[in-house]
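The values are calculated or read from the model by the stated rules, or taken from the named source; none is laboratory data. What you see is a predicted model, and the numbers here were worked out from it, not measured in a lab. Here the Cβ is made from the backbone with ideal geometry for all residues, glycine too, and neighbour counts use every protein chain on show.
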Amino acid sequence: MRFSWKLNMHMQITPATLSVSKPLAKTARERVLFAFGAKDRNQFFPSLSLENLPHSGHRFDTDSLKNYDHWEGFLKEFRPTILVSCWSTPRLPDPLLHTDALPLRYLCHTTGTVRNLVGREFLVEGGVVSNWGNVISQNVAEHALMLILTSLRSFTRWRETMKEGQEVWGNGQFVKTRSLQGKTVGLHGFGKIARELLALLAPFNVECIAFSPNVPPGVMRKKGVTPCADLKELFRKSDVVVECEALTEETLASVTEAHFRMMKEDAVFVNVGRGAVIDEDALLRVAKEGRIRVALDVFQTEPLPKDSPLWDVEHMILSPHLAGPAGDWFHRCGDHALSNVDRYLKGKPLVGEVTLELYDRST
């Protein structure tokens, strides 16, 4: 569904003005604030016009934000009950959220993590939060599958081999290609991305195993996945390990050099989760030995510094944290956010609501 709301810069919004199809159920006045910069608006809301409609919310352009006091002062003046946020939205002042000066009840975040925007207490005290939910999980899983296949098929060797004029037709052994068919794929993490990846892996007849400290084994078994007792078992048994665990105090640097050294010779390690879940220096040491194949989309420091030693590891695949959303997928995230505002005003369940449990597991 595509939306074509138009917003005047200074007027209040009433529930009826936000309906994209039928009249809204709510009758109470709401104050909806769209607060993000021009880049976010152009990427996520390309069809959202801000002019020439008498019924509207308000947009606060964060590109013009002079200082944090300016942001807090604006919130006190406008008093939004609903905030549509994005990557460029400043953090909501924690003390202000606990006063009547900011009657915010719903934070509709267009992208992923909300930890940088709002504290846990907002949810504890009854505040409602949503994000892009499953909208990009398929994109990230798709990227993970691509990294798995390009690693197994020795993508980084193709160009060199062709340039040298080596005859490789029918000789996959020369460029060390491997197939995904029938392999054991280990998932560290069992959230939305891991579950989307399961569907993509099905045609390859793989055996899937998984470990996630806070996911009951029965949940994995229902998905046809064999749970592992710990990370050691996961890394020891897998031909391919996909890192997609949430970053928490418990999982910070939980993947160590010992785990990498437990991997089978020529096994594949792919990280589309969070860079800080692994000991990156340890991975570097093992990868330099050439005994495992490595593909990374996330790093401890981003963007990856020009002087990072990871650049020098032969045949390591590096991608610049672009697993999701894909370039043609941003508008879907914007549409999802607008749809959620409409659902909230109609009293319908939100899609992608961030519960306390999800908040605690997010990064």
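Which pairs do you get when a residue that is closer than 30 Å to residue 362 by Cβ, found in the stretch 276-293, comes within reach of a residue that is outside any helix (DSSP H, G or I) and charged (D, E, K, R), reach meaning Cβ atoms under 8 angstrom, with the pair 6+ apart or on two chains?
277/243; 277/245; 278/243; 292/265; 292/266; 293/266
Go through the stretch 61-88 and give me each residue that's without any contact (Cβ under 8 Å) to a residue 24 or more places away in the chain, within 28 Å of the chain's Cα centre (by Cα) and within 21 Å of residue 30 (Cβ to Cβ).
71
Does at least one position in the stretch 313-333 carry a residue that is of a type outside the set (Asp, Glu) and within 24 Å of residue 119 (Cα to Cα)?
Within the stretch 313-333 (the criterion being of a type outside the set (Asp, Glu) and within 24 Å of residue 119 (Cα to Cα)), the answer is yes, since at least one residue qualifies.
Might you let me know whether the stretch 33-42 holds any residue that is assigned to a loop (DSSP other than H, G, I, E, B), within 21 Å of residue 107 (Cβ to Cβ) and modelled with pLDDT under 90?
Checking the stretch 33-42: not a single residue is assigned to a loop (DSSP other than H, G, I, E, B), within 21 Å of residue 107 (Cβ to Cβ) and modelled with pLDDT under 90.
Out of the residues in the stretch 259-279 meeting the condition of being in contact with a Ser or Thr (Cβ under 9 Å, 6 or more places away or on another chain) and in a helix (DSSP H, G or I), tell me which one is surrounded by the most Cβ atoms within 10 Å (Cβ to Cβ).
Only one residue tops the list, namely 277.
Test residue 295 against the stated conditions and say whether it is within 20 Å of residue 155 (Cβ to Cβ) and not aromatic (Phe, Trp, Tyr).
It is true that residue 295 is within 20 Å of residue 155 (Cβ to Cβ) and not aromatic (Phe, Trp, Tyr).
I'm trying to understand the selection: among the residues of the stretch 187-213, which are more than 24 Å from residue 283 (Cα to Cα) and surrounded by 15 or more Cβ atoms within 10 Å (Cβ to Cβ)?
Within the stretch 187-213, 192, 195, 196, 198, 200, 201, 204, 206, 207 qualify.
May I ask you to verify whether residue 260 is modelled with pLDDT of 95 or more, farther than 16 Å from residue 140 by Cβ and either in contact with a strand residue (DSSP E or B) (Cβ under 6 Å, 6 or more places away or on another chain) or in the same structural domain as residue 44 (by TED's automatic domain parsing) (or both)?
So residue 260 does not fit the description; no.
Of the residues that sit in the stretch 43-58 and are modelled with pLDDT under 65 and either of a type in the set (Ser, Thr, Tyr) or within 17 Å of residue 108 (Cα to Cα) (or both), which one is surrounded by the fewest Cβ atoms within 10 Å (Cβ to Cβ)?
Per the stated criteria, the residue is 56.
Wholly within the stretch 119-221, which strands (runs of 3 or more DSSP E) include no fewer than the required count, namely at least 3 residues that are assigned by TED's automatic domain parsing to the domain that holds residue 354?
So the answer is 128-130.
Does residue 349 fit the bill of being at negative phi, modelled with pLDDT under 90, not in a helix (DSSP H, G or I) and not charged (D, E, K, R)?
no
Taking the options 150, 184, name whichever one is modelled with pLDDT of 95 or more, within 19 Å of residue 210 (Cβ to Cβ), of a type in the set (S, T, N, Q) and buried (at least 16 other Cβ atoms within 10 Å of the Cβ).
Exactly one of 150, 184 is modelled with pLDDT of 95 or more, within 19 Å of residue 210 (Cβ to Cβ), of a type in the set (S, T, N, Q) and buried (at least 16 other Cβ atoms within 10 Å of the Cβ), namely 184.
Given the criterion in contact with a helix residue (DSSP H, G or I) (Cβ under 8 Å, 6 or more places away or on another chain) and without any contact (Cβ under 8 Å) to a residue 24 or more places away in the chain, identify the matching residue among 216, 227.
Of 216, 227, the one residue that is in contact with a helix residue (DSSP H, G or I) (Cβ under 8 Å, 6 or more places away or on another chain) and without any contact (Cβ under 8 Å) to a residue 24 or more places away in the chain is 227.
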